[in-house]
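Notes follow the structure.
Only the coordinates and a few stated rules stand behind these numbers; no lab work does. Note that the structure is predicted; figures quoted are calculated from it, not measured. We place every Cβ from the backbone using ideal geometry, glycine too, and count neighbours over all the protein chains shown.
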Amino acid sequence: MTAVKIVKVLGTSEESWNDAADEAVAQASQTIDDIRGVEVEDWTADVEDGEVTEYHATVEVAFPVHEDQRGSQ
């Protein structure tokens, strides 16, 4: 049986929520190996003068816990 660890990451973009989610995964993959799945938990945005200025995607990133990585992530 494999244990799975889940971490929450916030991505941001000035273009779209999809880009914000992609950014969250890209940044997480720089320090987390073997990402197996993601779940977008929340979409939010900053608004100024009636226009969205920054999109935010809160993403849960799932990856297996390997025996040799205990305590390292």
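Three principal axis extents describe the C-alpha atoms of the chain; from largest down they are 51, 20, 17 Å. Its Cα centre serving as origin, the chain has a Cβ charge dipole (Lys and Arg +1, Asp and Glu -1) of approximately 660 debye. Summary: within the chain, the longest segment free of GluC sites (Glu not before Pro) located in DSSP loops with at most 14 other C-beta atoms within 10 Å is 16-73.
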